[in-house]
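The values are calculated or read from the model by the stated rules, or taken from the named source; none is laboratory data. Remember, predicted model here, so these are calculated numbers, not experimental data. In this analysis, Cβ positions are derived from the backbone assuming ideal geometry, glycine residues included, and neighbour counts consider all displayed protein chains. Each accessible area value is taken on the protein alone, full model and side chains, heavy atoms only, with ligands, DNA and RNA left out. Shrake-Rupley method; radii C 1.70, N 1.55, O 1.52, S 1.80 Å.
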Amino acid sequence: MAAVPIVDYLVLGDEPHLVAKQCTSCGARFFDRRNACASCSGTSFEDAVIATSGELKAFTIVAFAAPGVPVPFVAGVVDCDGTSVRGNVINTEPDADHVSLGMKVRLATYAVGTDDDGNEAIGFGFEPIEN
Amino acid sequence: MADDIFILGINMTKFGKHPDKDTIDLAAEAAMAALADGGVTMQDMGVLAAGNLMEAAAGIGQQLQKQIGQTGIPVYNVANACATGATALRTAIMAVKSGECEMGLAVGVEKLSGAGLLGGGGSAKSDKKVFEPKGRYGAVTSTDGRIGTNTMPGVFAQIGMEYGHKYGGTSFELFAKISEKNHAHSTLNPLAAYTKKMTLEEIMGDMMIAYPNTRPMCSANCDGAAAAVVVSGAKLKTLSLEQQRRAVKVSASVLTSDPWQESCQVLPDVNTLTKMAAKQAYEQAGVSPEDLDLVELHDCFATAELVHYDNLGLCEEGGAADFFNSGATWRDGKTPVNVSGGLESKGHPIAATGIANIWEVCHHLRGEAGDRQIEGAKVGLAHVIGLGSACGVHILEKSAA
């Protein structure tokens, strides 16, 4: 029985955070593997820790999704200190009164489910930072 | 100096539900009508470019040849997301421009009625019984809905919201007003899938798909085809005066893909490649945005139309909301946009769209648009974008003959 991250770029532990592959030449960041940098064609990458708080720079409230996907939910893009991160806005009501452009958010994790071996998948999202 | 290229004949089918026609029937209908419109036959064609996205591996071009004429000419089957039609047209244009042939046929066709939500990953996947990392992100379960959304309405909603965050001036109501305009325009287009005028209240009160896009603010999945015959300037001079008079000059034909941008890996960047395509097209054609008498742009969602006012240089940078609020993009405005009704009402049979918008512009430049004619139209622009991404921009001019 163990906790497993929903994706490999989520690092669990006392301070959960996201990690990207950063081009050592130009600093471009990617959440999946690349053979060469899409920005500068460099071929060397290193791990980079992504800031765990940021600003919501785009969002939508999805009311209609593929079967099995619970709705409504807030999908968005968070500017984490210069790195754009895709994720849901969680721990708040999914409506336009509670979610706004430019709102400050921070990374938060939650349990997604448990498999037959008792392993628990941990997901992540961004929750509002109370002013 | 390369020879000029002209549209000799062009046609679009009625967009909507065609349960009695298959993909080839629709493609053949548009192709035969485009050939007839140009006063030519398959015997005159030196190349065929055929676009279809949903059956991209089916060899739609060869199937079409069996339906309307097998002459042994090269066929290019193309697929480029929502830019598939524009890519087919550009393929035919490149063949003629290179001098390999004098005339070519481009066709785009799609059967999409009842396709439902696109991009949502299809059927539901139940959580795996054992969490094992899979795929490029090492995901242990489905991430759609957990880490953002893959649905097209949701992706394009964010694109509009991102613009609002950067420049301000946007609101649910503003985006709904764009849809109100396009639905109003559609009432004059007999080939549109939907021709019903809708009030702002009806649009905002309709079923929410992905805030701020309600159902009428989303492009309509439907069936349809469009086809165009392109000809070299030299060959056109040998044709009849009537053919020369109705021919429409392709002043610019541009296709771009998206260059790297910081956030494009996370949310598609539809802006940079559209700006690049527009800049190249204006340079090729020697025209500026102020010269455009009408624009057909890719309003796959109301939130998308707004950003493309800016991307195509129709307004100053950051000024898209003010530009729309000025009334400029209504059919009686300074720069009429989507007088066809746009994808939101005309419909969006994916691979047909990038030729159907050319047809709309040609129709006005030829003075044949009937009730919705933009009077005295001389120059028009057609734009499409397919996620991934690919952007096609064509600038068309009324024939001088």
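Within the set B:111/B:275; B:275/B:334; B:111/B:249; A:57/B:346; A:21/B:134; B:166/B:279, which residue pairs have Cα atoms separated by over 27 Å? Working shown, then result.
Working: B:111/B:275 30 Å; B:275/B:334 21 Å; B:111/B:249 30 Å; A:57/B:346 32 Å; A:21/B:134 18 Å; B:166/B:279 22 Å.
Over 27 Å Cα-Cα: B:111/B:275; B:111/B:249; A:57/B:346.
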Give me the distance between the Cα centres of segment A:93-110 and segment A:22-54, rounded to whole Å. 27 Å
Considering segment B:1-140, what Rg and Dmax in Å follow from its alpha-carbon atoms? 19.1, 65
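Over both sides of the B-A contact, add up the buried accessible area with a 1.4 Å probe and give it to the nearest 100 Å². Write down the numbers at each step before the final one.
On the way: alone 16600 and 8150 Å², together 20690 Å².
That pair hides around 4100 Å² of surface in total.
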How many nm is it between the label spots at residue B:100 and residue B:67, if each spot is 7 Å from the Cα in line with the beta carbon? 2.4 nm
Of all accessible heavy-atom area on chain B, the percent that carbon and sulfur account for (1.4 Å): 51 percent
What aspartates and glutamates sit close enough to residue B:177 to cross-link, taking a C-alpha to C-alpha distance under 12 Å and skipping anything fewer than 8 places away on the same chain? B:201, B:202, B:305
What are the principal axis extents of the Cα atoms in segment B:9-91, in Å, biggest first? 29, 23, 21
Students often get this wrong: which residues of segment A:1-45 have the backbone nitrogen under 18 Å from the point 7 angstrom along Cα-to-C-beta of residue A:106? A:11-19
Compare B:289, B:74, B:19 in a GNM of chain B, Cα atoms joined below 10 Å, and give the one with the largest fluctuation. B:19
Could you pull the accessible area for residue B:18 with a 1.4 Å probe, rounded to 10 Å²? 20 Å²
Can you pull the accessible area of residue B:134 for me, 1.4 Å probe, Å² to the nearest 10? 110 Å²
The relative contact order of segment A:3-128, taking Cα pairs under 8 Å that sit 6 or more residues apart, comes to a percentage of 23 percent
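Taking a ≥ b ≥ c as the square roots of the eigenvalues of the Cα gyration tensor of segment B:57-121, is the shape rounded (a/c under 1.5), prolate (a/b larger than b/c) or oblate? Numbers along the way, then the final one.
On the way: a/c = 3.08, a/b = 1.69, b/c = 1.82.
Note, shape of segment B:57-121 comes out oblate.
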Under 10 Å, Cα contacts only: if you run a Gaussian network model on chain A, which one of A:90, A:61, A:50 comes out with the highest mean-square fluctuation? A:61
Among the DSSP beta bridges whose two residues both lie in segment A:3-128, what percent are antiparallel, rounded to the nearest 5? 90 percent
All other residues with a Cβ under 14 Å from the Cβ of residue B:370 taken together, and with Lys, Arg as +1 and Asp, Glu as -1, what is their net charge? -1
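With a cut-off of 8 Å between alpha carbons and a minimum separation of six or more residues, what is the relative contact order of segment A:66-131 in percent? Could you put the intermediate results ahead of the total?
Numbers: 88 pairs, mean separation 18.8, N = 66.
Once normalised by length, the contact order is 28 percent.
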For the protein assembly as shown, alpha-carbon Rg relative to the globular expectation (2.2 N^0.38 Å, N residues): 1.01
What does the accessible area per residue of segment A:3-128 come to in Å², with a 1.4 Å probe and no ligands, DNA or RNA counted? 44 Å²
Work the Kirkwood hydrodynamic radius out for segment B:231-362: mean of 1/r over every pair of different alpha-carbon atoms, inverted, in Å. 16.4 Å
As a test question: what accessible area, to the nearest 10 Å², does residue B:315 have when a 1.4 Å probe is rolled over all protein chains in place? 20 Å²
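Ranking request for peptides B:354-361, A:29-36: highest mean number of other beta-carbon atoms within 10 Å first, then the rest in descending order. Before the final figure, lay out each step's value.
Numbers: B:354-361: 29.6, A:29-36: 15.6.
Descending mean neighbour count gives B:354-361, A:29-36.
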Rg and Dmax of segment A:3-128, using alpha carbons, in Å: what are they? 15.9, 45
Let me check something: with ligands and nucleic acids excluded, how do A:4, B:107 order by accessible area (1.4 Å probe), largest to smallest? A:4, B:107
Please give the Cα centre distance for segment B:214-245 versus segment B:7-34, rounded to the nearest Å. 11 Å
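Going highest first, how would you order A:64-71, A:11-18 by mean Cβ packing within 10 Å? Walk me through the numbers on the way to the answer.
Numbers: A:64-71: 17.0, A:11-18: 12.9.
Result, highest mean Cβ count within 10 Å first: A:64-71, A:11-18.
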Can you work out the PRE-style zone for residue A:91? Point 7 Å along Cα to Cβ, and I want the residues of segment A:97-115 with backbone N under 12 Å. A:105-111
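Can you give me the relative contact order of chain B as a percent, contacts being Cα pairs under 8 Å and 6 or more apart?
On the way: 946 pairs, mean separation 102.3, N = 401.
26 percent.
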How big is the shadow of the Cα convex hull of chain B, averaged over all directions, in nm²? 19.8 nm²
